[in-house]
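The values are calculated or read from the model by the stated rules, or taken from the named source; none is laboratory data. Keep in mind the model is a prediction, meaning the values are calculated, not measured. Cβ coordinates were reconstructed from backbone atoms using ideal geometry, including for glycine residues, and neighbour counts include every protein chain displayed. Accessible surface is based on the protein model in full, side chains and every heavy atom, while ligands, DNA and RNA are left aside. Shrake-Rupley method; radii C 1.70, N 1.55, O 1.52, S 1.80 Å.
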Amino acid sequence: MRKIVLLLLLPLLITSCDVAESIVKVIEDEAPLSEQEVVKGLKEALRVSTDTAVNVVSALNGYYADKLIKIYLPPEAEIITKNKDNPLLKATGITKLIDDAVLGMNRAAENAAKSASPIFVNAIKSMTIQDAFSILNGSDTAATNYFRNKTYVQLKASFKPKVRNSLNKPLVGNISPNKAWTSLTSAYNDVAVFTGWKKVNTQLDEYVTNRALNGLFIKVKEQEKQIRKDPAARVTDILERVFGDKIL
């Protein structure tokens, strides 16, 4: 209806080139989005959201300082923190050993996260028109779900060797995460012999890889929701057109 009124009043309103250009701009802005625009907008949104998510988690303290995605000791090692005030464990300096192990695991995740970008880019390039419309009209996490389905296996295959390599690097002072973990579990296991507690022998690479990927997708989800709901997050015209009106 808005377009019809504008067209009927056009001869009366056009008194200058500036007015004419403004009216044409309004009419153009009201035009339905083409399939090409939807696909372009969705790809741009995914590029922005994944780039931001990867930059956030791969930064120093990207995992460690974020309570939502921070990697703590594996579930099998909860018995260590549960009993950290035991006099025998306290004598080993268990609190610092726990802190060093946790920091090292998060540093390994931050190191590995950088490898996610090219995998996300490939998933974006392979997106079909059907994918784009499904994401646009889907839930607030439709794009995140798309990425999880399309990239998880490849991301894990890329992350795990990088995590394993990072776990052996001196990321915390001159100590590698694996060395910090071995020091922690050895101190605990030596005491467990006398207390009857179950020993802890967990390998970190699988655990840290899974937790790192989980944190990455949490950040992708946050970015997707922001682009859908916050106009300020739509940093290009095409993003504003696609997510501002969603007129298909």
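Some values worked out for this structure:
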item	result
Restraint check, K162/K229; K67/K150; K96/K150; K82/K225; K43/K169; K169/K229, Cα-Cα greater than 32 Å	K162/K229; K96/K150; K82/K225; K43/K169; K169/K229
Per-peptide average of other Cβ atoms within 10 Å, ordering 194-203, 172-181, 151-160 highest first	172-181, 151-160, 194-203
Accessible surface of the stretch 141-225 [probe 1.4 Å, protein heavy atoms]: carbon and sulfur percent	48
